[in-house]
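Colleague: I am attaching a structure below and will ask some questions about it afterwards.
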Amino acid sequence: MAVKIAAWNVREGLAQPNEMPEAVEHIKQLDADVVVLSDAFSLRNTLHGSQTETLHEATGELINEGYSFRAIEYKDTEPFRHDRHLAVLSRLQARSSAIRLATRNTLELKVKDPASHEEIHVIGAHFDDRCESTREQHVRALIEHLEGAGDFVALAGDLNAMHASDKRARFVRSRPVRLIAQHLSSDYRRGGADRLIGMAQGDSLDLLKQHGLEDADWRHKPTWSAGLPLLQWQLDRIMLSDRLKLERFERAEPTQVSDHRAITATVFAA
């Protein structure tokens, strides 16, 4: 028996009355043993209409499906306009702990592979989308945390980073794209383009690879869309240590809840 791990940026959908029912149903359909939800919810984002009662309803439904529910507020060093939370669900018996990845909080879950009884460390993470140097800080803090953690590690979540060798990343870094970005019509659009160019550098993912974590999706299929077919990139990832073997990787269909696609990796300790 293997362990199925899922990752999905749900764009605060667990606390939004209009989005919550579809978000919970999609999580059920993923049928994963461990689910990492980046931007799972906010309780103070009035723009999105977040409601505490909606979150309680969502967690109740997921608990009825056999999941334990753990969440942590990011508490960024450079805060956003409102609170943001990462959540991790598990159908397996698990121990959890909070981790500070330099500038924001995240969660680690330790679960047992039912077949081998080896302990798997699942790190749920949402790396900052604003700067590659900040993402590198996340990675260095994670590497330090994982010293002595054992051979079976999975990092899952919205890492806001591309592999430098990915053809879509090379396109984003190209001189024509950089020139276009400089001449966009508003500060908001220029800022968004600059963040995307930073995500295409690949330094943070190279650092993870140097320390033994490999992408479960070697084809680098896009998981985030800017709304047009050609404007899609792989930002969400499940990365595995060498002795955590991949049995199956899947990318879910798009939803109305989020501009991110959920991904799953079925793994076993060997």
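Colleague: Would you mind ranking TRP224, TRP218, TRP233 so that the residue whose beta carbon has the fewest other beta carbons within 10 Å leads the list? Walk me through the numbers on the way to the answer.
Modeller: Numbers: TRP224 19, TRP218 10, TRP233 22.
Sorted ascending by nearby Cβ count, the order is TRP218, TRP224, TRP233.
Colleague: Hey, another quick one. Of the beta bridges DSSP finds with both residues in segment 70-206, what % are antiparallel, to the nearest 5?
Modeller: Values: 18 of 24 bridges.
Once the DSSP bridges in segment 70-206 are tallied, antiparallel ones form about 75 percent.
Colleague: Taking Cα pairs under 8 Å and at least six residues apart, what relative contact order does the chain come out at, in percent?
Modeller: Details: 612 pairs, mean separation 56.0, N = 270.
Contact order relative to length: 21 percent.
Colleague: Could you give the distance between the Cα centres of segment 1-76 and segment 226-262, to the whole Å?
Modeller: 17
Colleague: Moving to a separate point now. Rounded to the nearest 5, what % of the DSSP beta bridges within the chain are antiparallel ones? Please report the intermediate quantities before stating the final value.
Modeller: Numbers: 47 of 58 bridges.
Restricted to the chain, the bridges split so that about 80 percent are antiparallel.
Colleague: Could I ask something else about it? Return PHE171, PHE268 ranked ascending by Cβ neighbour count within 10 Å, so the fewest neighbours appear first.
Modeller: Numbers: PHE171 13, PHE268 19.
Listed from fewest to most nearby Cβ atoms, that is PHE171, PHE268.
Colleague: List every DSSP H helix in the chain whose Cα atoms extend 30 Å or more along the helix's own long axis and whose mean Kyte-Doolittle hydropathy is at least 1.0.
Modeller: Working: long enough: none.
Once both thresholds are applied, nothing remains.
Colleague: For ARG175, ARG237, what's the fewest-to-most ordering of other Cβ within 10 Å of each Cβ?
Modeller: Working: ARG175 7, ARG237 28.
The most exposed by this proxy come first: ARG175, ARG237.
Colleague: Another question, if that's okay. List the relative contact order of segment 113-154 as a percent without decimals, with contacts defined as Cα pairs under 8 Å and 6+ residues apart.
Modeller: 55
Colleague: Going 7 Å from the Cα of VAL177 toward and past its Cβ, which residues in segment 225-265 have a backbone nitrogen under 17 Å from where you end up?
Modeller: Flagged as within label range: 225-236.
The numbers here are math on the coordinates, done by the rules we state, and not lab data. On a predicted model such as this, the values are computed, not experimentally measured, just so you know. FYI the Cβ positions are ideal-geometry reconstructions off the backbone, even for glycines, and counts take in every protein chain you see.
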